[in-house]
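Asker: Structure in structure tokens, see below.
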């Protein structure tokens with residue numbers, strides 16, 4: 001569906017329902033225009049989440065991660081699984097996470 005722009009202020013218009021009718025409404029200036037019934041448009045809908053939709057987390061999933069020599073601050077082990085994840089803005093360096101191969105303790109290191 002192409003975007004609809006307000007003819008008055010040139011802002012992007014949003015679909016809304018007013019008195020049961022679908023209309024385009026400008027959030028900036030308030031301009032309202034009825035939707036052509038022959039045109040196709042998309043409306044918002046709420047999707048209910050079910051408990052069966054939740055991901056299944058396996059405790060031993062870390063064994064598929066690469067290992068590195070790293071000191072565990074909890075048990076003193078010298079080997080850990082690691083992975084890298086972008087947790088801050090894109091122009092910031094990624095965060096390196098570690099999980100001890102012996103006790104399972106996890107910690108992070110900012111680069």
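Each reported figure results from applying straightforward, stated rules to the coordinates on display, with no laboratory input. Since the structure is predicted, the reported quantities are computational estimates derived from the model, not experimental observations. Positions of Cβ are generated from backbone atoms using ideal geometry, with glycine treated the same way; all protein chains shown enter the neighbour counts.
Asker: Would you mind computing, in nm to one decimal, how far apart the modelled labels at residue 102 and residue 77 are, each placed 7 Å from Cα along Cα→Cβ?
Answerer: It is 0.8 nm.
Asker: Further question on the same structure: Taking the mean number of other Cβ atoms within 10 Å as a proxy for protection, how do you rank 16-25, 71-80 from highest to lowest?
Answerer: Averaged packing, sorted descending, gives the order 71-80, 16-25.
Asker: Obtain the nm distance between the two label points defined at residue 8 and residue 34 by a simple spin-label model: each point lies 7 Å from its Cα along the Cα-to-C-beta direction.
Answerer: In this crude spin-label approximation the distance works out to 1.9 nm.
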